[in-house]
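First the structure, in the form of structure tokens, and then the observations on it.
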Amino acid sequence: MIVGAIATAAIAQETVGRQSTIGRTWPIAEPDALAEIEAKAATLPRDMSSKFGPRSRWSAMKAAALPVATADRTRTVVPFYTLEFDIQLPDGKVVYPKGFTFNPLTYVKLPQRLVIVHPRDLAWALKVARPSDFILLTALGKENGDPIALGEKTGRAIYILEERVKERLGLVAAPVIVAQTGTSLVLTEFGPKSRAMRPGEGR
């Protein structure tokens, strides 16, 4: 009933608002967000490498490393999380104490899979990844890959595998596809034979 009343009131206010202004009005005090971004961007150098050096040296562009998967393997991981601080209400009452452990997948559902590959297997990843999947690059020795350049080349957003994500998901080899099944994550590693197959073949 309350939700219905709020919705009805909102519709009624919108209808009246088209005809006249009700009550006092004030100018918007907050600056336009887009104007702020454009102003900040104008102060940055056109060539970022002149200030920060080539992207290959940026620490933010360094992917977490994973060895190559030598065979097909499927593992199941439950990504338990332990709170590092108390979760409190405004009145100070502790709802969840520090040290409380829970499985986030009990409450949320991942809308996409994670396709994690070495740069040399990017072509394979582009073939097997669904439009909604995230593609993440992992390092192999000195082979790190430039997600910005590769994204511009392929026309698809490509991300870096962070060390904390690697640890959080329990990743040990790549290529690997991470997908949620119920309250668990299923990690499917692809060996050389599977990588050589066309999508839809074999597995």
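The values are calculated or read from the model by the stated rules, or taken from the named source; none is laboratory data. In this text the structure is predicted, and so the values were computed from the model without any measurement. These accessible areas exclude ligands, DNA and RNA; they are computed on the full protein's heavy atoms, side chains included. Shrake-Rupley method; radii C 1.70, N 1.55, O 1.52, S 1.80 Å.
Before moving on, here are some points about what is shown:
- Taking all protein chains as they are arranged and a probe of 1.4 Å, the heavy atoms of PHE85 leave approximately 120 Å² accessible to solvent.
- Segment ASP86-LYS127, extension gain: residue separation times 0.36 nm, minus the distance between their alpha carbons: 10.3 nm
- Annotation: lysines with alpha-carbon distance below 23 angstrom to LYS109 (same-chain offsets under eight excluded): LYS166.
- Per principal axis, descending, Cα span of segment 109-203 in whole Å: 36, 33, 26
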